[in-house]
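Here is the structure we will look at, set down as structure tokens.
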Amino acid sequence: MPNPVDFMAPGFSSISRDFPGFLLDRPSKPASPLAKGLAIIFLVAGYSLFCWLAFSKSIENWESVYEFRITFWNGWINTIGISAAALGLSLLIGIITALARRSPFLPLRYSAAAYVETVRGLPLVVLVLFGFYGVANAVGWQDRLGVGITILSLFSGAYIAEMIRAGIESVSRSQWDSARAIGLGSFQTYRFVIFPQVTRQILPPLAGQFSSIIKDSSLLYIIGIPELTFAANQVNSATYSTFESFVPLGICYLALTLPVSLWTKWIERRMRYET
Amino acid sequence: MNISLDGVVKAFGGQRVLDSVNWQACFEHTLALVGPSGGGKSTLMRLLAGLDTPDEGRVLIDGLELPRDENALRAYRCGTGIVFQSFNLFPHLSALENIILPLVHVHGVERVRAREIASSHLERFRLEGQGHKQPALLSGGQRQRVAIARALAHNPKILLLDEPTSALDPEMTSEVLDLIGELRDAGQWIILVTHEMGFARHTADLVAFVDKGGILESAPASEFFASPVKVETRRFLEKILKY
Ligand SMILES: Nc1ncnc2c1ncn2[C@@H]1O[C@H](COP(=O)(O)OP(=O)(O)OP(=O)(O)O)[C@@H](O)[C@H]1O
Ligand SMILES: [Mg+2]
């Protein structure tokens with residue numbers, strides 16, 4: 001067998017060494033279940049050991065935190081409720097805004113554009129503070145929960161509006177023509193032709209947005225809404241056990257966001273098979 | 001049927017694709033529009049289909065002026081069937097649902113009845129057993145036949161076809177052309193844009209040559225191909241019939 005080096009032009013005597021290839025190359029075959037299992041056991045053991053060494057001295061107060069489990073539970077339920085309400089409301093805001101941004105009526109179109117750009121250009125914390133202490137106070141709206149959900153929905157609605165707008169624009173010109181050609185009106189066109197296609201396309205990013213809403217709702221603690229983060233904070237001040245208060249906090253959020261994330265992956269996979 | 005264009009102008013950003021076209025045509029069943037790419041066939045087709053309105057002038061079909069108002073125009077479109085080059089069908093609906101949708105929501109047919117009509121049209125076009133499939137799962141020829149079935153399901157007066165076969169391979173092309181031929185023989189009024197000269201010669205009653213901002217020449221099919229008058233037409237036919 002000829003040596004590959006024999007075919008090389010003089011001066012190129014060796015292939016340059018591909019150092020990180022071991023970490024970056026695509027594996028030639030999928031890992032065996034045994035290898036996966038061993039890797040996971042090894043990593044869990046390793047990380048656990050690290051956590052134990054790092055934190056075992058400072059954690060002893062689980063009992064006193066455990067007494068506040070009802071506080072955690074109520075906070076968690078509130079977080080779920082706020083997130084669900086905000087998802088529904090922001091979806092509505094998103095749809096209306098996306099349509100308004102395509103409206104031939106200029107004041108409507110410009111207002112929608114201004115709203116989206118402003119909200120997307122501001123950190124959520126600014127919106128929460130300004131919305132609550134600025135706007136809600138000025139108009140005498142005292143219901144913290146209502147204000148909080150509204151602010152969160154306005155924030156998330158701007159992002160959803162952009163997703164929907166991109167989705168609508170990705171439906172080809174010929175689909176609109178086809179819809180007009182068969183005699184559908186504009187409302188019917190949206191209902192029967194455009195939205196079904198947009199929905200299929202934006203479901204994965206929308207599921208991701210749901211995850212974001214859950215996490216973003218944590219910021220509402222700064223205006224005193226008794227959601228999960230607020231609850232953990234309370235427990236922390238009552239027990240002086242920071243670590244023991246915030247570990248359950250993280251776990252509670254993951255218990256919500258991980259299923260959503262798995263669900264998103266599932267949707268993405270299903271979409272891929274369908275098209 | 002009668003078509004007359006009366007000073008029709010259609011421009012896109014200063015390019016006058018149709019430049020004051022005056023034209024009267026009278027034909028029994030089928031009108032074929034031919035001409036070089038970019039000549040304005042589709043533009044004219046969209047005016048005839050009521051998808052666009054002319055910038056100036058009037059379009060009359062059987063003596064009736066096409067309206068400019070979108071709602072009235074929509075009513076006109078309900079009496080036509082339109083098929084473009086490709087991407088006609090809605091990808092999220094099955095073949096059957098594609099046909100049912102306009103029947104139910106535009107023509108007010110009851111769902112059960114609409115389903116019957118849709119099935120019988122699929123059968124007529126030899127698509128039985130394909131109804132449940134989404135367009136992506138159909139061949140190009142099958143897709144266009146479903147599109148034609150949808151365009152015909154409400155018994156439109158006029159069927160407008162803009163290059164219905166140009167995205168298809170030869171076998172599928174003849175499959176679709178056969179179908180159009182059958183429709184013509186059944187007495188359907190058809191206006192079509194095509195690059196298939198042999199088909200135009202056999203099927204069309206009248207052939208019109210569209211180029212340079214207007215209809216340069218129109219004549220009964222046999223005459224049009226045997227003795228074209230205009231230099232442009234002759235050149236076009238020579239070029240297209242070379243192979
Ligand atoms: N919506 C539009 N915007 C801008 N220009 C357009 C538009 N529609 C058509 N045109 C222009 O008008 C001219 C005629 O186009 P048209 O589609 O009518 O040609 P055609 O005869 O159908 O060509 P083909 O055989 O390639 O389909 C072209 O130069 C095209 O660029
Ligand atoms: Mg064309």
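The values are calculated or read from the model by the stated rules, or taken from the named source; none is laboratory data. Because the structure is a prediction, the values reported are computed rather than measured. Glycine also receives a Cβ, built like all others from the backbone with ideal geometry; neighbour counts cover every protein chain displayed. Side chains are part of the model used for accessible areas, which takes the heavy atoms of the whole protein and leaves out ligands, DNA and RNA. Shrake-Rupley method; radii C 1.70, N 1.55, O 1.52, S 1.80 Å.
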Here the residues of region B:73-92 whose accessible area is at least 40 Å² smaller with all protein chains than in the chain alone (probe 1.4 Å) are B:Arg74, B:Arg77, B:Phe84, B:Phe87, B:Phe90, B:His92
Using the structure shown, list the pairs from A:Lys265/B:Lys133; A:Lys29/A:Lys265; B:Lys10/B:Lys242; B:Lys10/B:Lys239 with a Cα-Cα distance above 24 Å, or answer none. A:Lys265/B:Lys133; B:Lys10/B:Lys242; B:Lys10/B:Lys239
Where in region A:34-117 are there GluC sites (Glu not before Pro) that are in a DSSP coil and have at most 16 other Cβ atoms within 10 angstrom of their Cβ? A:Glu60, A:Glu67
What is the spin-label model distance, in nm, from B:Ser120 to A:Leu53 if the labels are put 7 Å beyond Cα along the C-beta direction? 8.2 nm
In percent, what relative contact order does chain B have, based on Cα pairs under 8 Å that are 6 or more apart in sequence? 26 percent
Pop out the carbon and sulfur fraction of the accessible area of the protein assembly as shown as a percent, whole number, probe 1.4 Å. 61 percent
Based on DSSP H runs of at least 4 residues, each adding -39500 (n - 2.57), what is the mean residue ellipticity at 222 nm of chain A after dividing by all its residues, to the nearest 500 deg cm²/dmol? -23000 deg cm²/dmol
Within chain B, which is the longest segment that contains none of the trypsin sites (Lys or Arg not before Pro) sitting in a DSSP loop with at most 16 other Cβ atoms within 10 Å? B:1-67
Which whole number in µm²/s is D for chain A by Stokes-Einstein, with the Kirkwood Rh taken over Cα pairs at 37 °C and 0.692 mPa s? 141 µm²/s
Within 10 Å of each candidate Cβ there may be at most 10 other Cβ atoms; applying that plus a DSSP loop requirement, which trypsin sites (Lys or Arg not before Pro) in region A:53-140 survive? A:Lys57
Accessible area expressed per residue, the protein assembly as shown, with surrounding protein chains retained (probe 1.4 Å, Å²): 54 Å²
Longest exposed-loop-site-free stretch of chain B, with GluC sites (Glu not before Pro), DSSP loop and at most 15 other Cβ within 10 Å? B:129-243
Spatial separation of Cα centroids for region B:1-78 and region A:116-147, in angstrom: 54 Å
Rounded to the nearest 20 debye, what is the charge dipole size of region A:71-270 about its Cα centre when +1 sits on each Lys and Arg Cβ and -1 on each Asp and Glu Cβ? 720 debye
Which far-off residues, 5 or more places away or on another chain, put their amide H under 5 Å from the one on B:Leu192, with H placed in the peptide plane? B:Leu31, B:Ala32, B:Leu33, B:Leu161
Accessible area lost on pairing B with A, both sides, 1.4 Å probe, Å² to nearest 100? 1800 Å²
Computed FRET efficiency, Cβ-Cβ of A:Ala138 and B:Glu70, R0 56 Å: what is it to the nearest 0.05? 0.80
FRET efficiency (B:Ala186, B:Met1; Cβ distance; R0 22 Å; to 0.05) is 0.90
Among bridges DSSP assigns within the protein assembly as shown, what percent are antiparallel (round to 5)? 55 percent
